[in-house]
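One structure is given below, encoded as structure tokens.
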Amino acid sequence: MARGEAASGSTKSAAKPGVRKRGLSALLLLTISGTGVLSGCAGLGNSANTNLTPDEVQITPAALTFTNVSVGQQVTQTATLTNTGSKAVSITQLSSSSAQFSTTDIAMPLTLAPGQSAQFRVAFKTSTEGSVSGELSAMTSRGGGSTKVKLKGNAA
């Protein structure tokens, strides 16, 4: 089923003498966030999740490049996490798609109020020469994510 598509169905039973025919129908609406996580079902009584939207967490800058790093040497750059939404958000994890990049100087979980920011460091260290690339993103307690930061490193 595609995003935003509704599924409906009904059941019918054959009429039997003296038995009233009954039909069932159901409508289930699913909202899938950009990360493929179920974020709400219409018709289910959960008042805490009535207006769910993907978490609005931004990491800046949009790209970090580490050039001419000596093999075995660790170099860091500063990045910033910002809650651009209207509700507080709890960031549970910062993750990189490449093991040569890591984060430091930030403790998880971290709760950010609307408009609040926190700085941290992104580190690059490799044991081999050449270029490495990856992405850095944040995950939240509600299953949402953040903007992705493109990471590039070159070791000589």
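Residues that are surrounded by 15 or more Cβ atoms within 10 Å (Cβ to Cβ), on the phi > 0 side of the Ramachandran plot and assigned to a loop (DSSP other than H, G, I, E, B) occur in the stretch 138-153; there is at least one.
Counting only strands (runs of 3 or more DSSP E) that fall entirely inside the stretch 77-122 and contain at least 2 residues that are without any contact (Cβ under 8 Å) to a residue 40 or more places away in the chain and within 17 Å of the chain's Cα centre (by Cα), the qualifying elements are 110-112.
All of the numbers you see were taken from the coordinates with simple rules; none came from a lab. Predicted, not measured: the structure shown is a model, and the values here were computed from it. As a convention, Cβ positions derive from the backbone with ideal geometry for all residues, glycine included, and neighbour counts pool all protein chains shown.
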